[in-house]
Each structure stands twice: as structure tokens, then as C-alpha cells.
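Single-structure report; data block below.
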2 protein chains.
Amino acid sequence: MTSTQELLDSLLEHKASINVASSQVKNQALAAMADQLEAQADAILAGNALDIAAAQGKISPVMQDRLLLTRERIADMAAGIRALLDLPDPVGLVLEERVREDGLQIQKRSIPFGLIGMIYESRPNVTSDAAALAIKSGNAVILRGGKEAFNSAQAIVKALKTGLEQAGVHPGVLELVQDTSRASAQELMTAKGKIDLLVPRGGAGLIQAVVEQATVPVIETGTGLCHVYIDQQVDLEMAVALAVNAKTSRPSVCNAAEVLLVHQDIAADFLPAFEAALADKVELRADASAQPYLQAAIPAGSQDFDTEFLDYIMAVKVLPSLEAAISHINHHSSGHSEAIVTTDSQAADLFTLLVDSAAVYVNASTRFTDGGEFGLGCELGISTQKMHARGPMGLREMTTYKYVISGQGQTR
Amino acid sequence: MTSTQELLDSLLEHKASINVASSQVKNQALAAMADQLEAQADAILAGNALDIAAAQGKISPVMQDRLLLTRERIADMAAGIRALLDLPDPVGLVLEERVREDGLQIQKRSIPFGLIGMIYESRPNVTSDAAALAIKSGNAVILRGGKEAFNSAQAIVKALKTGLEQAGVHPGVLELVQDTSRASAQELMTAKGKIDLLVPRGGAGLIQAVVEQATVPVIETGTGLCHVYIDQQVDLEMAVALAVNAKTSRPSVCNAAEVLLVHQDIAADFLPAFEAALADKVELRADASAQPYLQAAIPAGSQDFDTEFLDYIMAVKVLPSLEAAISHINHHSSGHSEAIVTTDSQAADLFTLLVDSAAVYVNASTRFTDGGEFGLGCELGISTQKMHARGPMGLREMTTYKYVISGQGQTR
């Protein structure tokens with residue numbers, strides 16, 4: 001077994017092969033990677049069968065389904081890679097340029113980070129997604145997936161490496177960590193001077209562990225404790241439709257709403273209509289302020305306004321003012337996405353100004369926070385931090401920049 | 001004494017007063033802060049006298065001079081604040097805008113981080129510089145200066161707060177940590193969810209400690225192990241002038257060169273001319289490859305190619321190729337600034353492509369890496385990391401962004 005340190009050293013040796021690759025070479029690599037996923041489908045399915053067999057009785061049926069690969073799912077992974085072909089290359093752009101009076105030319109140029117690390121859990125498709133995004137943005141990449149999906153990931157990476165090699169990119173720019181113990185995650189988190197950016201993808205526990213323990217630069221992603229606030233003046237029908245959509249259209253994802261806040265002056269009109277529209281699909285956990293307006297709500301517990309349910313559950317609170325709602329959100333939110341429903345443009349402006357989250361909505365569902373929906377074409381994850389990237393991270397957020405200064409002997 | 005936690009909580013309570021302040025109010029605050037520094041000069045000098053008295057015999061004369069304030073230096077600090085008045089407000093810009101076919105409008109708007117922390121050492125002027133940059137960029141700020149300068153900083157902050165209040169900004173958006181023990185620095189480093197960005201300014205030891213221990217987002221600044229590489233084809237006169245300038249024009253600053261790399265084919269021409277031009281002002285520490293070409297060099301020790309001398313000392317090495325020089329730089333550099341001197345444009349392109357530092361120079365001195373020289377108008381520090389900001393950090397790098405999405409009831 002190749003150790004994680006050996007993989008890191010090998011990546012450093014080979015990373016220039018992708019860091020300086022042309023747009024054409026990177027696209028050729030992506031096309032070949034997609035083709036090889038399909039060409040090596042039998043080997044990938046065989047690896048996946050090992051993982052599925054080992055998972056019997058150990059993980060839930062839902063998790064087993066996440067882990068399962070089929071020929072169709074492999075085709076979807078290949079299609080996901082091919083979708084990157086048409087996106088613009090984020091590398092090599094002149095972001096700013098300036099020629100000083102003394103003739104010194106200062107260019108700010110976009111460049112890849114260098115080596116990106118990803119720590120994630122058991123979905124096999126993350127392996128191909130993350131590798132393809134890294135390659136398109138000119139980065140070498142080290143992947144550390146969950147041990148439940150190791151054999152699947154191993155076969156996927158083997159296929160992707162074949163594709164890289166066919167396009168003339170050194171296959172050593174993409175590596176899968178072979179050691180699936182906790183120690184290897186620690187090695188990535190502390191690979192200072194080697195890993196330029198580490199992105200955890202997965203549950204809140206994984207992400208918190210990485211953020212707290214990493215000494216390499218990290219982007220915190222994904223935890224979505226999203227709020228919908230119904231202001232005192234609303235189009236009631238729109239308010240109900242938005243709140244229902246934000247909660248129920250896909251409760252398991254990070255941009256689904258978890259908490260409903262309602263202005264007290266609209267509570268008697270809104271909450272019964274909302275409850276009726278839910279048609280018992282959602283368990284409402286109401287604090288004392290909201291209980292009087294709801295038929296079937298259960299009392300909210302102490303953690304219900306701080307929990308990402310990712311399920312058909314919603315915490316509900318009635319508040320005396322817009323300011324109280326903003327304050328509640330800024331104290332409890334994970335900084336992902338929040339929405340106000342209002343016909344009052346001043347209220348909307350105050351909400352968007354003061355709510356400190358990556359995406360702040362007026363009269364639209366929180367469910368739109370997504371790289372595809374925002375027009376980025378793809379998404380590595382959704383940043384809930386403020387440094388470097390906020391909200392959906394596309395290819396551009398996987399680059400940094402350098403200043404290139406050209407002179408004719410200028411001194412200072 | 002107000003505890004650091006109490007200060008942090010108070011800042012969170014009051015930060016909106018500056019986060020959402022208009023450009024006009026922020027400029028009024030800066031003008032009043034500058035005026036108050038001069039109006040309260042007596043109190044500031046009295047505070048400084050306490051610090052100077054306490055420093056006798058404890059810190060070097062050079063450090064005492066750094067600590068010393070005079071009426072003229074206070075006027076310089078005020079002038080530094082006033083210089084920010086004409087710079088554009090980095091907050092509230094629409095960085096990108098997009099209207100989808102369904103009518104959803106997506107705006108990416110620049111906003112302040114919220115609360116910025118600064119940990120620095122003993123120069124009193126950093127207190128006013130950092131406070132003014134934070135205010136101009138709409139950020140609340142908590143300052144933790146060195147204990148040697150505490151009384152000076154206290155008096156400066158008092159004056160600045162008066163200025164804030166006069167302009168209608170809550171003075172609680174600017175705080176100086178009262179506890180000068182190591183514990184308070186730790187409290188800032190771990191104030192997760194409170195401090196949005198922490199910037200250490202000072203020596204390499206301070207910066208490394210912060211980078212390693214912080215759980216809040218940090219920007220690594222300042223360490224400059226800068227290289228000048230003399231390629232095989234050069235204008236000899238220019239090469240000598242650039243290398244001399246990069247080393248000697250101000251050796252104590254981070255953009256000064258510490259290491260000279262020379263292509264072996266030019267060494268016999270370049271190194272004697274360089275040594276003659278230095279006129280014994282610089283101690284050259286040469287490895288075995290460079291010794292034959294130098295008269296007065298001493299042998300380089302094992303750490304001399306990894307040391308930021310900040311002094312009239314330079315490590316010298318002769319290398320067989322451009323590629324060897326690039327590899328040496330990428331292994332030893334702090335990622336700050338590097339220069340190539342060459343008349344070969346292909347060599348220049350390869351150097352700028354492959355050298356992985358914030359600023360890469362062709363035929364110009366590394367000494368230009370500076371916010372003012374780059375046209376940013378000011379500088380909080382020079383980032384040597386790749387995430388968020390690289391190279392000189394101006395006002396824009398003290399902001400982040402949020403997405404504001406406005407709809408008419410769109411659901412997904």
C-alpha cells in the first residue's frame with residue numbers, strides 16, 4: 001500500500017503537468033476520463049459489488065442505495081464530466097492589468113491552487129465529480145473517500161487515470177488515498193505546504209472535524225440551517241407556496257428550509273393555511289409563540305432551532321418584528337440560505353442588508369442555492385464561510401491568482 | 001478590566017453600525033479619527049512615555065525607536081488615515097448580476113467581513129492604520145497589540161473612538177484588547193463564529209503561531225524569503241543593478257531579496273561584478289557552487305537558504321539551469337516575491353508560469369510588492385497564502401460577498 005505521504009510527494013512532483021496544461025489538453029483529458037468510466041464499467045461495477053457486499057447489515061438501506069452503482073449511474077457520472085467541456089477555462093485569465101508611469105506592467109492572473117484535497121463520504125459519484133472539477137480548473141487532486149466506497153472509488157480512479165494518460169496528462173496528478181483509517185484524513189488536514197486547499201464534503205460532523213483540525217486552508221461547505229421568514233405584509237398564497245417548496249421539494253439537501261419564522265401580525269392568517277397546505281407531510285415543531293396557530297404541531301425542543309433536520313420536520317416560531325427575525329437568523333443560521341416573503345420593499349432591503357448568510361432571498365425559495373441554478377455550470381460545494389468563496393463554488397472558486405510584473409530594469 | 005470575551009460580545013452587538021454605514025459616514029468617521037489623533041496628541045504622547053519608560057533596558061534601541069511616538073509621527077498617522085478618504089468604497093458593489101429566464105434576479109454584492117481581528121506587535125502606528133482600514137472597508141475591528149505598546153495603543157484607540165462617535169458611528173465597533181497576556185491572543189484565535197477574519201502582522205514566529213493555532217479564518221502575511229535569479233542571458237548592468245536594489249534598498253522589509261541564484265553560464269561574469277557593486281555592504285554566504293566566483297564570501301550554512309535575514313546578508317548559489325532555479329525557489333520560498341533577470345522571453349514565461357509565489361517579476365526588483373506600488377492605495381499586509389487574497393491586501397481584500405436573490409414567488 002502506498003502511504004498517504006508518498007502519494008502527496010508524488011503529487012507534488014507531477015502536479016505541474018496539470019497546473020500548466022492548456023484548455024485543450026484539459027478538455028481532452030475530461031473527454032477521455034468520461035469515455036474510460038464507461039469503457040471500464042465492468043471493473044467499476046465489480047469494485048462496487050465488493051463494497052455493497054461488505055455493507056450488508058452495516059449501513060442503512062438508504063445509505064446502501066447511495067453506495068450502489070449501476071451502468072446507468074456510471075453513464076450519469078460520465079455525462080457529468082462531459083458537461084464541464086463547454087464551461088470556460090478559469091485559468092490564465094488576466095483579472096486586472098495596469099501599466100505604471102515608469103513602464104512597469106502589473107498583471108493579476110488567475111491560476112490553479114496547485115493541489116486540492118477532498119475528504120468525503122460514501123457516494124461514489126463524488127469521486128468522479130471532484131476529480132473532473134479539479135482537472136478542469138488545472139489542479140492536481142488527492143481524494144480521500146469513505147471506506148465503505150473504497151473499492152468503487154479505486155476502480156473509478158483507475159479509469160480516470162487511464163483517461164488522463166490518454167490525453168497526455170501525467171496520471172500522477174490524481175490520487176486516491178489508500179489508507180481509509182482516520183489517520184489518513186489527519187494526514188491530509190495537516191499536509192501544510194503540500195495541500196493548497198482542502199474541501200470536506202459530507203455530514204456536519206465530518207465538516208466540523210476538518211475545520212477544527214486542519215492546518216491547511218479549508219473551505220467549510222454544506223451545512224444548511226436555512227430559514228424562511230414570513231413578514232407582516234405578504235401575498236398569502238405566494239408565502240404558503242414558497243414555504244412549502246423550501247421545506248418539502250427535497251428535504252434531504254442543504255438548501256432546504258429547516259426553520260419557519262412568522263411575523264405575529266400575519267401568524268393567524270398564514271400558519272393555518274401553511275399547515276393545511278402541508279397536508280400532514282411535515283412534522284411541525286412549534287415554540288410557545290406558534291402553538292396557538294397550529295393544530296397538529298408538537299412542542300419544539302431546545303435544539304430544534306439549531307438542528308439541520310434534512311427531513312420532513314420544521315421548527316416554527318412567531319416573532320414580534322422583522323428585526324427580531326433578522327436577529328434570530330443571525331444567531332442560529334449556518335450562514336447558507338435564508339428567505340423573506342414580503343410585499344414591503346423596505347423590509348426586503350433591511351433583510352438582505354442585515355442577514356449575514358451566503359444567499360439571501362426575497363420572495364423566492366431557498367432551494368435555488370446551487371451552482372447550476374446560479375449559472376456557474378457546476379458546483380464543488382456550497383461554502384458557508386466568508387473567506388475566499390461564499391455560496392456555490394464553481395470552477396473559478398477553485399483558482400487563485402498571482403501577480404506577474406514585467407519591467408525593463410525598474411528598481412525602487 | 002473588560003475581558004476579551006466581553007469585548008467580542010459588545011463588538012457583535014454594535015458591528016452593524018459600521019457594516020451598513022454609507023460611504024459618506026465612513027469617510028466622515030475617518031476624517032474625525034484623523035483630527036482626533038492630532039487633537040489628543042498630548043494624551044497619546046503621555047501614554048507613549050509610559051511605554052518608553054517601561055521599555056528601558058528591556059528592548060533594543062532599534063525596537064525602542066519603533067515604539068517611540070513624536071508629534072510628527074502622530075501627524076503622519078493622521079495623514080495615513082486621511083489618505084484613505086479618496087479611495088473608492090469597496091462595499092456595496094454589484095460584482096455580478098444575472099436575470100434568469102424565470103425572472104429570478106441574482107446579484108453578487110460586496111460586503112464587509114463583519115468583524116476583523118488583528119494581532120500585531122509593538123509599532124503604535126499599526127493601531128491607527130489597521131483601525132482606519134477596517135472602518136473604510138465597513139468592518140468592526142478588535143485589535144490586540146504588543147504589551148510594550150499598550151499605553152500608546154490605548155490612547156490612540158481612545159482618540160479614534162471619539163472620532164467615530166463624532167461621525168455618528170457607534171464607538172463600540174473598535175476595541176483594543178485590554179489583556180496583553182498570551183491568553184488574549186488565544187481567545188481571538190479561537191473566537192469561532194465571532195471573528196470573521198484574523199490577520200496577524202509581525203515577525204515570523206507570531207504569524208506561524210496564529211496560523212497553526214487559529215480556528216477562525218486567518219490570512220497569513222508578510223514572511224518574505226524572496227529570490228532573485230540571474231538567467232544565462234542578461235543585460236549584465238541591469239542584472240547587477242536589480243540584484244543590488246532588491247537586497248540593499250531596504251533590507252529590513254519583507255519584499256527585500258534574501259537569496260541570489262545564478263545560472264552557471266553567467267556566474268563568472270555576473271558574480272564578480274555584483275560583489276564589486278555591493279562594495280562590502282552585504283555579507284555574502286555562498287554555497288560551494290558560488291564560492292569560486294566570489295572574493296569575500298563566507299560559506300553558506302545549512303539554514304542560509306531558508307532564512308529571512310532582514311539584514312545586509314544574502315545567500316548565493318550557482319545552478320545549472322532555469323529549471324533548477326525554479327525548483328529551488330518552489331522548495332525554499334515563502335511564496336512572497338521572486339524575480340528573474342533575463343533577455344530570453346521564453347525563460348521569462350517559464351519562470352512566471354512555474355514559480356508559485358504571490359508576485360513574480362521579470363526584469364524588475366522584488367521591492368515593488370506593496371499595496372501602494374501596485375496601485376491599491378493602501379495595504380493591510382501582504383498575503384503569502386493562496387486562499388482569498390494573495391500578495392498585497394488592500395480594502396477590497398477586506399471584503400467578502402453575498403448573493404442577493406430577488407423573485408416574484410419562484411419555487412424549485
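Observations, loosely collected:
- As computed over the stretch B:176-216, the Cα convex hull volume per residue (Å³): 74
- For the rotational copy relationship between A and B, the axis lies nearest to a chain A beta carbon, identified with its distance in whole angstrom as A:HIS388, 2.
- Average other protein chain Cβ within 10 Å of Cβ, residues A:379-392: 4
- Counting only residues at least eight positions apart within a chain, or on another chain, the lysines with an alpha carbon under 22 Å from that of B:LYS247 are B:LYS281, B:LYS317.
- Ascending count of other beta-carbon atoms within 10 Å, so fewest first, for A:LYS136, B:LYS26: B:LYS26, A:LYS136
- Greater than 19 Å apart at Cα, pairs in B:LYS26/B:LYS194; A:LYS15/A:LYS161; B:LYS15/B:LYS402; B:LYS15/B:LYS161; B:LYS194/B:LYS386; A:LYS15/B:LYS386: B:LYS26/B:LYS194; B:LYS194/B:LYS386
- Computed from Cα atoms, the angle from the helix A:204-213 axis to the main principal axis of chain A rounds to 60 degrees.
- Fewest-first ranking of B:LYS194, A:LYS386, using other Cβ atoms within 10 Å as the exposure measure: B:LYS194, A:LYS386
- Estimated D of the stretch B:68-160 in µm² per second, where Rh is the Kirkwood radius over Cα pairs and Stokes-Einstein applies at 37 °C, 0.692 mPa s: 214
- In a reduced charge model with +1 at each Lys and Arg Cβ and -1 at each Asp and Glu Cβ, chain B shows a dipole moment near 1380 debye about its Cα centre.
- Cα centroid separation, the stretch B:330-395 to the stretch B:232-271 (Å): 16
- This model, with +1 at the C-beta of Lys and Arg and -1 at the C-beta of Asp and Glu, gives the stretch A:226-368 a dipole about its Cα centre of some 320 debye.
- Counted charge near A:VAL316, where neighbours are those whose Cβ lies closer than 11 Å (Asp, Glu -1; Lys, Arg +1): -2
- Among B:HIS331, B:LEU310, B:GLN295 the positive-end extreme of the charge dipole of the stretch B:279-353 (Cβ point charges): B:GLN295
- Note that the stretch A:285-293 has calculated 3J(HN,Hα) couplings of 10, 9, 7, 4, 5, 9, 3, x, 9 Hz, one per residue in order, obtained from phi through the Karplus relation 6.51 cos²θ - 1.76 cosθ + 1.60 (θ = phi - 60°); glycine and proline are x.
- Over the protein assembly as shown: Kirkwood hydrodynamic radius from C-alpha pairwise inverse distances, Å: 28.7
- Nearest-ten-degree value, helix B:41-55 long axis tilted from longest Cα axis of chain B: 50
- Given charges at Cβ of Lys, Arg, Asp, Glu: the stretch A:186-249 dipole, positive-most of A:ALA204, A:LEU225, A:LEU188: A:LEU188
- Residue mean of other protein chain beta carbons inside 10 Å, A:397-404: 6
- In this assembly of identical copies, the label point of B:GLY409 (Cα plus 7 Å along Cα-to-Cβ) is separated from its counterparts by 7.3 nm, sorted shortest first.
- Ranked from largest, the principal axis spans of the Cα set of the stretch A:302-383 equal 40, 33, 20 Å.
- Spin-label model, A:LYS281/B:ASP76: points 7 Å from Cα along the beta carbon direction are separated by 6.8 nm.
- Test item: A:366-372 mean partner chain Cβ contacts at 10 Å: 3
- Exposure proxy ranking, count of Cβ atoms within 10 Å, fewest first, for B:MET238, B:MET118: B:MET238, B:MET118
- Between helix A:124-136 and chain A: long-axis angle, C-alpha atoms, 0 to 90°, nearest 10: 60
- Inter-copy spacing of A:ASP86 label points, which lie 7 Å from Cα along Cα→Cβ, given in nm from shortest upward: 4.9
- Chain A - Debye-derived log10 I(q)/I(0), Cα point model, q = 0.06 Å⁻¹: -0.29
- The ellipsoid that matches the Cα gyration tensor of the stretch B:226-368 has semi-axes, each √(5λ) in whole angstrom, of 19, 17, 15, with the longest given first.
- Using a 7 Å Cα-to-Cβ projection, A:LEU236 label spacings across copies, nm, ascending: 9.2
- Simple Cβ-charge dipole of the protein assembly as shown, Lys/Arg +1 and Asp/Glu -1, about Cα centre, in debye nearest 20: 340
Read-outs throughout are calculated quantities, based only on the coordinates presented, and are distinct from any laboratory measurement. All of these numbers come straight from a predicted model, not from anything done at the bench. Every residue, glycine as well, gets a Cβ built from its backbone with ideal geometry; the counts of neighbours run over all protein chains shown.
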